[in-house]
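Peer 1: Once you've had a glance at the structure underneath, I'll fire off some questions.
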Amino acid sequence: KYVELVLEKPLDREEQAEVGFSLIAVDGGSPARSGTTEILIVVLDVNDNAPVFTQERYVGQVLENAPEGSVVLSVVATDRDAGANGDISYQFSQAVGQSHSAFAIDPVSGEIKLTKPLDFEAAENHELSVRATDGGGLSAMCKVLVEVVDVNDNAPEVVVSSFSSPLPENASPGTVVALFTVRDRDAGANGKISCALEDQLLFSLRPAYKNYYEVVTVSTLDREETARYMLAVTAADAGSPPLTTTQTFTVDVSDVNDNAPVFNQTSYAMYVRENNVPTVLVGAVSASDADVGPNAKVSYSLAPAHPAERPPCSCISVNSENGQVFVLRPLDYEQVRQIEVLVSASDAGSPPLTANVTVRLVVVDENDNAPLVLYPSQDSSPLTSELVPKSSEAGYLVTKVVAVDADSGQNSWLSYHLLRATDPGLFAVGAQSGEVRLRRPVTERDAVKQKLVVLVRDNGQPPLSATAALSALLLNDFSDVRLPHSSLATEDEGGSLTTYLIISLVFVSVLFLASAAAFIARKVCKSKELKGGHVLYGTGNLQSGLADAAAAGTLPHAYCYEISLTTGSGNSEFKFLKPILPSLPPQ
């Protein structure tokens, strides 16, 4: 009467979600009758299936410069269950380190995205563990490997190991200036580095060991030409585009004493006037040194022209600091016309370098020498007389005055002038030649003995002069040379006596004038004294004074006069005033 369906073996919804069959009921009649019904059995799901990933290990690649939010890959898991038992959610397993901090997974879709940029140099790959859980609590796990793809985002690095600066300018070629290493954090072609030294002829770059390079000199340096070098080393990788790094080395070149002082002139000419004052400055020498510091400090001194010669002239001194040249004592042009000395300029380097220059000191003539008369000689006494025939015509050469001047140039140009003569109209002197000639013919009225004084003057400023005294005898015939010497002596004595008389007359005249002046001055002084307060006795005072004096018996017998006198007054112009005497009563 009751029909029961009994499950004979377990069902599997995942294999057959529904079971359908017909149930037939047959009665016992004949023909038998039956009834049929369709039975559909729906197998309800139970969570008997865990999620299953499509792959046990997922591998994805991502560029290290990929922006935030970029999808790395997607994981997929399936669950044969249905309904809530088949709903899968994804999450990272907490057991997998901290790599997942840069990633996020969509719990529904399973997409893994970046939460921050990756750095190939920090980590080349990331391993993640993803768990898929269904609604019933069953789960499955898979591994995810994220490989970071390198991009050329790191420029090469230059690390300096040693650097030498300043560098002496006499450093030999091949001297190591700098040692450095290069590195690049990128990989592959992005990490391959090449180095180059820019635009240098005196330095080169050479590899030392692996990634080490050296900067070395290839030729000698010259600080005076270039005191500082800027060396630019460029390191470039092979990425696309390539990245570069430039390291600049500033190399200072230190000075060595390789340059001697150089004078600004090949020789010097200086001038000083003779009779100069002591220690007079006549000029200066100047030398420069291309070096620097103590190597460029120049000092000056006098040096002999050759080592074997005697010490330099003691009349010249050179200031060791500034090269000023002094003349220490007066010079005489007539004794020395010029002096040549050798001035040495030495620097303060070690060892010191020296340069020499010739200094020529020219003494300039001053007009300090008067003309010297050579003929006629002025030392002989009596003077030699020139013989002149009375029959000589005008222009006859009597004699020639010869003089010299120790000076030079215009100071030695001499001119001759007739200063005095017994008969000035009889003789003429050539201004340039010094020839004494007759100006006119000799007459009988001319004195037999003629005396002349010729002035010899130079052309200096101021001019100096000398005189030449000479005499000439006017003779009828050269046989008259035997004239008695006594007559000439008498004539000479007469001339000397005249000179003495003139001198005496002048002396007496001067003495007379001095006496007259003293007398006049004395009178003028007395007159001023009387006007200035000397009171004569008046009538009243004089009478009382005389009365007192008469009573005492001491009346003076004195008189008072007033004199008026002019400079040209004669004796007749004196005015005498009578004394003022009161009438005294008889005693």
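The values are calculated or read from the model by the stated rules, or taken from the named source; none is laboratory data. Nothing here was measured: the structure is a model prediction, and the numbers come from that model. Counting neighbours? That spans all protein chains shown, and the Cβs are built from the backbone with ideal geometry, glycine included. For the accessible areas, the whole protein counts, side chains as well, though only heavy atoms, and no ligand, DNA or RNA atoms are used. Shrake-Rupley method; radii C 1.70, N 1.55, O 1.52, S 1.80 Å.
Peer 1: Output the number of the condition that residue 44 fails; it satisfies all remaining conditions of (1) open to solvent by 80 Å² or more (accessible area, probe 1.4 Å); (2) of a type in the set (A, V, I, L, M); (3) closer than 30 Å to residue 125 by Cβ.
Peer 2: Here residue 44 meets the rest and fails (3).
Peer 1: Cβ-Cβ under 6 Å, sequence separation 6+ or interchain: first residue in region 217-244 and farther than 27 Å from residue 192 by Cα, partner part of a loop (DSSP other than H, G, I, E, B) and open to solvent by 60 Å² or more (accessible area, probe 1.4 Å). Which pairs?
Peer 2: 218/173; 219/173
Peer 1: Let me spell it out: the conditions are (1) open to solvent by 40 Å² or more (accessible area, probe 1.4 Å); (2) more than 17 Å from the chain's Cα centre (by Cα); (3) within 18 Å of residue 317 (Cβ to Cβ), and residue 267 meets all of them except one. Which number is the exception?
Peer 2: Single failed check for residue 267: (3).
Peer 1: Taking residue 203 and the conditions (1) open to solvent by 60 Å² or more (accessible area, probe 1.4 Å); (2) under 25 Å from residue 220 (Cβ atoms), which numbered condition does it fall short on, given that it satisfies the others?
Peer 2: For residue 203, the failing item is (1).
Peer 1: Looking only at region 131-159, which residues are part of a strand (DSSP E or B) and open to solvent by 60 Å² or more (accessible area, probe 1.4 Å)?
Peer 2: Passing the criteria: 131, 141, 143, 147, 157.
Peer 1: Name the pairs: first residue in region 22-50 and in the same structural domain as residue 83 (by the TED database), second residue at pLDDT 90 or above and open to solvent by 90 Å² or more (accessible area, probe 1.4 Å), Cβ to Cβ under 8 Å, at least 6 apart or on different chains?
Peer 2: Sorted first by the residue in region 22-50, then by its partner, the list stays empty.
Peer 1: May I ask you to say which residue of 483, 455 is open to solvent by 20 Å² or more (accessible area, probe 1.4 Å), at pLDDT 90 or above and either on the phi < 0 side of the Ramachandran plot or more than 60 Å from the chain's Cα centre (by Cα) (or both)?
Peer 2: 455
Peer 1: Based on what the data block shows, is residue 15 in a loop (DSSP other than H, G, I, E, B), without any contact (Cβ under 8 Å) to a residue 24 or more places away in the chain and either of a type outside the set (Gly, Ala, Ser) or within 18 Å of residue 130 (Cα to Cα) (or both)?
Peer 2: yes
Peer 1: For region 59-73, how many residues meet the condition of being of a type outside the set (A, V, I, L, M, F, W, C), part of a strand (DSSP E or B) and buried (at least 16 other Cβ atoms within 10 Å of the Cβ)?
Peer 2: Selection size over region 59-73: 1.
Peer 1: Let me ask something else. When only residues in region 360-392 that are small (Gly, Ala, Ser) and assigned to a loop (DSSP other than H, G, I, E, B) count, which is most open to solvent (accessible area, probe 1.4 Å)?
Peer 2: Checking each candidate, the answer is 381.
Peer 1: Looking at region 393-424, which of the residues that are closer than 14 Å to residue 372 by Cβ and of a type in the set (Asp, Glu) is surrounded by the fewest Cβ atoms within 10 Å (Cβ to Cβ)?
Peer 2: This residue is 405.
Peer 1: How many residues, within region 99-118, are part of a loop (DSSP other than H, G, I, E, B) and open to solvent by 60 Å² or more (accessible area, probe 1.4 Å)?
Peer 2: 4
Peer 1: Look through 214, 274 and report the one residue that is touching a Lys or Arg at 6+ places or on another chain (Cβ under 6 Å) and charged (D, E, K, R).
Peer 2: Matching residue, one of 214, 274: 214.
Peer 1: Answer with yes or no whether residue 244 is of a type in the set (S, T, N, Q) and either open to solvent by less than 40 Å² (accessible area, probe 1.4 Å) or over 18 Å from residue 172 (Cβ atoms) (or both).
Peer 2: yes
Peer 1: Hey, does region 193-215 have a residue that's in contact with a Gly (Cβ under 8 Å, 6 or more places away or on another chain), in a strand (DSSP E or B) and either within 22 Å of residue 253 (Cβ to Cβ) or in the same structural domain as residue 165 (by the TED database) (or both)?
Peer 2: Within region 193-215 (the criterion being in contact with a Gly (Cβ under 8 Å, 6 or more places away or on another chain), in a strand (DSSP E or B) and either within 22 Å of residue 253 (Cβ to Cβ) or in the same structural domain as residue 165 (by the TED database) (or both)), the answer is no, since none of the residues qualifies.
Peer 1: Further question: Only one residue in 465, 412, 408 is outside the structural domain of residue 334 (by the TED database), of a type in the set (Gly, Ala, Ser), under 30 Å from residue 274 (Cβ atoms) and modelled with pLDDT of 90 or more, so which one is that?
Peer 2: Among 465, 412, 408, only 465 is outside the structural domain of residue 334 (by the TED database), of a type in the set (Gly, Ala, Ser), under 30 Å from residue 274 (Cβ atoms) and modelled with pLDDT of 90 or more.
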